[in-house]
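Any read-out appearing in this document is the output of simple, stated calculations on the displayed coordinates, not a laboratory observation. Just so it is clear, the structure is predicted and the values come from calculations on it, not from any experiment. Backbone-built Cβ (ideal geometry, glycine too); neighbour counts: all protein chains shown.
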Amino acid sequence: MSDFDPAAALAAAADGDQLAWTSIVSTYSGLIWTVARAYRLSAADSADVFQGTWLRLVEHFGDIRDAGRLGGWLATTARREALQLLRRTGRDVPTEDMTTISEAADGVPTADEELLRTEDQRTLWSAFGQLPDNCQRLLRLLFAEPPALYADISMGLGIPLGSIGPTRSRCLANLEKRLSQNDSGLSGSKGGR
Amino acid sequence: MSEEDVAAALREVLQMVDRVPEAALEAANAAIGWRDLDANLALLAAEYGPELTHLRGGQARLLTFHDQRTIIEVEVSADRGQARLLGQLDPPREADVTAETAGQSRTVRADPQGRFSFTELRDGWVRLVIADADQPSDRSVTEWFLV
């Protein structure tokens, strides 16, 4: 993100400049995608939220007065689209209160395990799936590629900026504890030797 | 194992699981092509779900868009896996109504009562472009909506 200038990119993209537009898409693609994924949308629904967010930006270029808030605007838009999709399909809309300790998720998250090559990665993924939902959501956004700013993550999840650091620590500690309970940690693989 | 070791290992896993699909990136890069500076944007003013509309088919939604000069009401319902739109222009008038989607654009004529319909639309993002019969250059375009 070092040489990305949101104001210049936004102004050029609003004039139809494809390269400037592509630079905006690359910069924020990880943020937008992980917002959709964080709400546990399927791949198809995530793709709809992702595409809808970009269509909204093209539609509303003129509404963004402060280019420094572009990431926050996109994250908020993606979150709203994700929640609308959840409502429309009759699924539960998660509470946004990060201080609430939510129930541990019942089992492993969506079936992405085939992507994971090693036993350690599958063990980690399975432990991740047992974290409270708010932990899973936040960690997904924190490890988005390209990385997102805390301010934009806060908009993408509707949580206070100041809660991100402490929650990150608490969630990673929780994950570490689960891993050490499961087994002697990531290095001690179960079976298959 | 330290917190930061766990973080590093998790980062690696999440970057595999949450990688943005190439097709999604391509579609996003093409989204700039939908820029339409000349049309008036008709904003979504209200959306009612099945619980309020009592429409047939269970999954129907009623969307209301408006700009300065027109109101566009659209009922979206599912029809054997595809979407059906029934629309009404207010004030009622004849107009060309185009449903724009990523894959296709189709135009129908709203009748003198301002009614129009589309059937067999594929699931995805849609917007409607309204060009009045007597003032075709003065167009309204709705915000994108998902069918």
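Details
- Taken over the protein assembly as shown, the alpha-carbon convex hull comes to 153 cubic angstrom per residue.
- Cα→Cβ-extended label distance, 7 Å offset, between A:Thr89 and A:Ser180, nm: 3.8
- Reported to the nearest whole Å, the Cα centre-to-centre distance from segment B:83-99 to segment A:121-170 is 44.
- Debye-sum result for segment B:100-140 in log10 I(q)/I(0), which assumes one identical scatterer on each alpha carbon, at q = 0.15 Å⁻¹: -0.42
- For chain B: Kirkwood Rh in Å [reciprocal of mean 1/r, alpha carbons]: 17.4
- Taking θ as phi - 60° and the Karplus parameters 6.51, -1.76 and 1.60, the scalar couplings of segment A:155-170 work out to 6, x, 10, x, 10, x, 3, x, 8, 5, x, x, 5, 4, 4, 4 Hz in sequence order, x denoting glycine and proline.
- In plain terms, the chain from B:Glu94 to B:Trp34 could stretch by 19.1 nm, reckoned as 0.36 nm per residue minus the Cα-Cα distance.
- Residues B:Met1, A:Met155, ranked from the fewest to the most other C-beta atoms within 10 Å, line up as B:Met1, A:Met155.
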